[in-house]
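Heads up: the structure comes next, in structure tokens.
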Amino acid sequence: MDDDVTWTIDAPGQWMLDRSHASGGTTPIAQHLMSTAMPAGMRRVFRDNGAPVDTIEVRFVHDFFYTRLRPLISPDKPPKKLPPELVLKIATRLHPEMRRRAKAAQRTLETQPWKKVIHDWHHGGRAAIEEQNLELQDVDLASLDDDAVVAHVRRCIDHAVTSWEHHFWLHGFDLGPLGMYLYEAKQWGLDASELLPLLEGASPSTSAPSRSLRAIRDAVDKKGCEPSTLDELRAISPEISSAVDDYLRYRGTVLFSRYDVDGVTLGERPDLVFASIMGASVRDATADVEALTASVRARVPAEHRARFDELLSGAWSAMDLRDDNGPTTAEWPLGLLRMGLLELGRRMVRAGKARSPEDALELRPDEIRPWLLSSADAAPNADGLAARRAARRERATLNPPASIGSPEVAPPLHVLPPVLARTVGMVQTVMAELGMDGRERTSDLHGAGIGTTCVRGRACVAASSEEALDKLEPGDILVVAYTTPAYNLVLSLAAGVVTSEGGPMSHAAVIARELGIPAVIGAKGASLIPHGSEVEVDPTAGEVRVLSRA
């Protein structure tokens, strides 16, 4: 099928494949969310903080996710050749919007607005979104009539769009201080592989699920019981059952496997909830991080150590927002939308409009209208939805190109006003460490290593995250394309992690660092590891070794 597929985008510029947020086969509703929310959120971020770019544009080609950094000047007519540097220097200083961006960038660097954004998130911002999530979660879907179910799904879509736009906007204020930390520390001869390990422990929200689960496990141990299912665990005592309810209240409807409504919520997998409780552990790496920080800091020239301390402190405060943001603003709203769609799907099956409740996941937003269930002629019909589902699954197996369109020439940093050059440098640094800079990675088993301890185990490999978690056993090496922040709900089962996508600042790297799980991130050849093989994850060398094949 690949030979017959044409990969084009009817828009100028070069578009880069992003597998770190969507691995292919994206549903129509998720495409709508990303295409609407990401450009809107990033446009606000770039404008408010003074970045000399317009936004990040989004296109889907055969259900694969492509992005383009949209230029601020002549975005729809990218030049094939740059004018002389003198002309560029004059243009970047005289163009009205570039002048406005330079002032905004200077203001951002001086006032550091992320401090207020981070403070507000922890002092009411997150709570407000949680309240909205809980309001939708507490709706008794089974008691609603058909029209009310459709209206509920529409509310969930609108809520997801709003939350996702806020999600991307927030990333501008968590990635800002992280980018500044990595960018400025280069002048002292330090790179990301040395700087990012100093942030271990900076994201308590990432390790919070493990702490909650460990508390439940300790209560079970005190009772001297050995349950084999979640129901048996709940039956040990009312207090333990209540603790499980409290845990699932804020995490049970969170999508933990992917950024799409065809992912799975934690509440749908009681087996994983049980296994995560029984395998929960808490790691305190404070002493190790303090020693490592002292070692790195000693390499900074004495006159710059105060600045280093300031940058590190800012990065620490931003890191927790980075991974607290996703589950609250993205994966939880998606989980709520999934639950609404599945209820709608059950109604559609009873009305003869779908073969399976999951077929409702194939609906486009414009098709979810009051007459969907009541009108005999409302499209699409059951056969059409089933055909869509089969076609989407087939497209997910395609091998998309890493980029589409002609490369765009970008002006060198030194022609920009200094404050804009610094801003662009910070953005480029972040994109590189996230693994989103468009560079071709190697196709072997090398990547960014997280941790210092080698670990061996059985490789749990799958084409989808759900398939991998179906197979995952405690002590396995989890091998997936990428992870979402919500993976911290179940990742404690794994002895090690390998991803084919991402970089040392991606969600997979942050989770592995916080949970103390050895990992190799961005090893392109990971998908070729046979499931069930014995592998060794060597984070120090940034290498995965296949010791014996299944």
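Residue-wise test of (1) touching a Cys at 6+ places or on another chain (Cβ under 9 Å); (2) surrounded by 24 or more Cβ atoms within 10 Å (Cβ to Cβ); (3) within 23 Å of TYR250 (Cα to Cα).
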position: GLU473; (1), (2), (3): yes, no, no
position: ALA481; (1), (2), (3): no, no, no
position: THR484; (1), (2), (3): no, yes, yes
position: ALA495; (1), (2), (3): no, no, no
position: GLY503; (1), (2), (3): no, yes, no
position: ILE511; (1), (2), (3): no, yes, yes
Return only the number of the condition from (1) crowded, with 16+ Cβ neighbours inside 10 Å; (2) more than 21 Å from the chain's Cα centre (by Cα) that ALA91 does not satisfy. (1)
Would you confirm whether any residue within the stretch 213-227 is surrounded by 15 or more Cβ atoms within 10 Å (Cβ to Cβ) and assigned to a loop (DSSP other than H, G, I, E, B)? yes
If a residue has to be farther than 14 Å from LEU361 by Cβ and either surrounded by 24 or more Cβ atoms within 10 Å (Cβ to Cβ) or within 15 Å of the chain's Cα centre (by Cα) (or both) to count, how many in the stretch 258-268 make the cut? 1
Looking at ARG211, ARG234, can you tell me which residue is within 19 Å of TYR487 (Cα to Cα) and not β-branched (Val, Ile, Thr)? ARG211
Among GLY172, GLY124, which is closer than 30 Å to GLU310 by Cβ and either surrounded by 14 or more Cβ atoms within 10 Å (Cβ to Cβ) or not assigned by TED's automatic domain parsing to the domain that holds ALA30 (or both)? GLY172
Being within 23 Å of SER492 (Cβ to Cβ) and either outside the structural domain of LEU363 (by TED's automatic domain parsing) or in contact (Cβ under 8 Å) with a residue 40 or more places away in the chain (or both) narrows it down to one of VAL300, VAL273, so name that one. VAL273
Considering the stretch 259-295, residues that are closer than 30 Å to LEU198 by Cβ and outside any helix (DSSP H, G or I), and then whichever is modelled with the lowest pLDDT, we arrive at ALA285
Which of the residues belonging to the stretch 476-509 are in a loop (DSSP other than H, G, I, E, B) and not small (Gly, Ala, Ser)? ASP476, TYR482, THR483, THR484, VAL490, GLU501, PRO504, MET505
When GLU394 is run through (1) of a type in the set (D, E, K, R); (2) part of a helix (DSSP H, G or I); (3) in contact with a helix residue (DSSP H, G or I) (Cβ under 6 Å, 6 or more places away or on another chain); (4) more than 30 Å from VAL510 (Cα to Cα), the failure sits at (3)
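The values are calculated or read from the model by the stated rules, or taken from the named source; none is laboratory data. Bear in mind the structure is a predicted one, so any value in this text is a computation, not a measurement. Positions of Cβ are generated from backbone atoms using ideal geometry, with glycine treated the same way; all protein chains shown enter the neighbour counts.
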